[in-house]
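What follows draws every value from the coordinates through simple rules; no lab data is involved. Treat the numbers as computed from the prediction; the structure is a model and nothing was measured.
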Amino acid sequence: MGSQFIQEASEACFNGCCSSPFSTQSVTKKQEEEEDHEFSLITTGASFLTRDIKFTSQESLPSLHTSFYDLITAFPDYLQTNQADHLRSTEYQNLSYSSSHVLLNHTVQQQPLFSYSQSISGSDQSLFTLSCKQVSSGEELLLFATEESRFQTRMRRRITSFMNLEESEYHMILTQDRSSAFKILAELYCFKTCPNLLTVYNYEDEAVEEMIRISEKKGVKPKAAEFSWPSTEIVSEKLKRNITRNKRRRDKRGLFVFPLQSLVTGASYSYSWMSLAHENEWHVLLDTSALSSKDMETLGLSLFRPDFLICSFTEVLRQEDSPGFGCLFVKKSSSQALSEAPELITNPANLTVVKAEPAWKTENDENTLGRGSLDHREDHTSANDIVEVVEEDDNAIIEFRGLDHADSLGLVLISRRLKSLTLWLVRALTCLKHPGSHQPEMHLVKICGPKTRPKRGPSVCFNVFDWQGEKVDPVVVERLAEREKIGLRCAYLQKISKIGKDKKRNDEKQNLSLRVSVVCVRLGFMTNFDDVFRVWGFVSRFLDADFVEKEKWRKKALEKNKGCD
């Protein structure tokens with residue numbers, strides 16, 4: 001949505017003369033009342049976000065412009081984020097509405113995102129290349145980190161600055177991708193002397209699972225946090241028990257793997273878990289893949305410095321054909337933890353690191369990863385990676401334009417924008433209800449994870465249900481969304497503990513080890529209201545019972561034909 005429309009909206013009156021199209025029925029259910037109260041604390045003005053209203057067909061949805069007026073009624077501060085819309089329209093014209101692509105979560109399964117203005121101003125070559133090297137020990141890994149070219153030194157300084165880390169405090173190692181960084185740490189971490197691994201993920205993550213598999217081969221018995229249902233929040237007492245070491249028994253420490261947010265549900269976790277882990281002499285690995293741009297500037301991360309940090313630079317604002325890469329940061333004072341004996345390495349190929357060079361310097365290097373060669377890799381995303389190299393008087397001037405754009409917007413503006421769009425989308429989805437005389441009314445969408453809490457990440461996790469209450473396979477939803485060029489994806493929640501009531505005992509905790517398939521949508525700092533509105537419109541199509549049934553029969557037909565082959 002262009003800045004011109006935002007300007008028109010900012011001049012509109014929301015004190016009664018421009019009424020919202022959404023009805024004003026009173027809320028009757030206790031849960032909805034609690035959600036409305038939460039919204040009332042963070043929204044301003046009359047909006048359907050605080051009303052008991054329902055939409056029973058795609059045709060009943062208000063227009064894009066009308067819905068946008070409702071967004072800024074509830075979140076007037078959104079109008080102050082038009083700098084992001086200006087950047088999108090001037091620097092990333094390829095992301096305009098006419099491109100038909102919805103700008104959401106960016107992984108290799110979706111469209112690669114690049115800077116249009118950079119792509120038309122430069123050559124068709126990659127701006128930099130990544131050459132591989134295999135190391136054999138933690139000592140060799142850290143030595144490799146110190147042997148930098150001028151190009152990579154500048155890259156490290158810019159990335160370290162963007163990540164809000166002290167340059168003198170951390171080593172930075174480039175890896176092929178995020179998953180490679182996890183493998184390197186799993187192979188080199190001193191599990192022999194610190195034989196514990198504790199992870200905090202409410203969803204299945206391939207990179208984390210690979211770390212777990214490597215540790216198990218070394219005799220470690222990994223533990224994991226559990227999460228409540230349906231809020232998907234940490235079961236605090238159990239995690240606290242797992243972190244707290246019994247000094248009398250001389251419990252040995254280990255590696256605590258912690259994300260501040262869930263990449264799938266948007267649930268946020270307290271910085272205090274890192275502090276508790278450090279107090280109990282754990283090494284802390286912070287996974288930043290779920291953090292939004294500039295989240296590293298929050299106060300908590302300036303106080304609690306992790307021993308290790310993993311991030312990737314393949315998510316947004318990338319040149320279309322430039323390779324991505326991951327980063328493993330090692331705190332210099334914790335580097336002795338990378339002391340695993342060579343004979344305990346499970347797979348030497350896991351210890352592959354990369355070196356970045358300007359493309360013209362490594363054009364003929366057979367070990368270089370050329371353009372497009374990383375397309376097969378897993379790509380859980382976390383940050384922004386445009387790097388532009390300009391030759392001027394034989395000196396390389398590096399422009400990290402994606403990072404510069406995030407820096408220019410800043411933490412406050414990006415957080416405000418993402419909060420407004422995320423909360424609006426959550427409530428809009430819950431207003432979709434199946435038509436008919438269902439008692440109680442049948443919701444089309446059920447949110448998994450936090451709903452209206454302001455302290456949540458920009459991910460929304462949900463499932464779609466047909467008019468008979470049957471869950472629509474998230475894979476079907478993902479496939480249909482792909483046809484509309486909308487980046488929804490199927491994910492799996494894990495480590496779920498459900499609280500139930502037993503006939504003999506009340507409030508008995510039943511550890512059901514639930515594994516739940518869900519649909520996930522993740523917003524980025526360049527996502528705009530057009531994108532969010534199109535997600536809402538697409539999901540509303542499932543209100544048509546024929547739409548759901550036709551897709552079910554189509555899936556069954558495909559499976560039958562596949563079985564006959």
Taking every alpha carbon pair in the stretch 142-298 and sorting the distances into 10 angstrom bins from 0 up to the bin holding the longest one, the percent per bin comes out as 9, 35, 37, 16, 2, 0
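From the Cα trace of the stretch 179-267, what convex hull volume per residue do you get, rounded to a whole Å³? Don't jump to the answer; show the numbers that get you there.
Numbers: hull volume 8.5 nm³, N = 89.
Cα-based convex hull of the stretch 179-267, divided per residue, equals 95 Å³.
With the cut-off at 18 Å, tell me which of the pairs Lys218/Lys238; Lys419/Lys455; Lys240/Lys446; Lys192/Lys217 have Cα atoms farther apart than that. Kindly include the intermediate steps, with their values, before the conclusion.
Details: Lys218/Lys238 25 Å; Lys419/Lys455 8 Å; Lys240/Lys446 30 Å; Lys192/Lys217 12 Å.
Violating the 18 Å limit, Cα to Cα: Lys218/Lys238; Lys240/Lys446.
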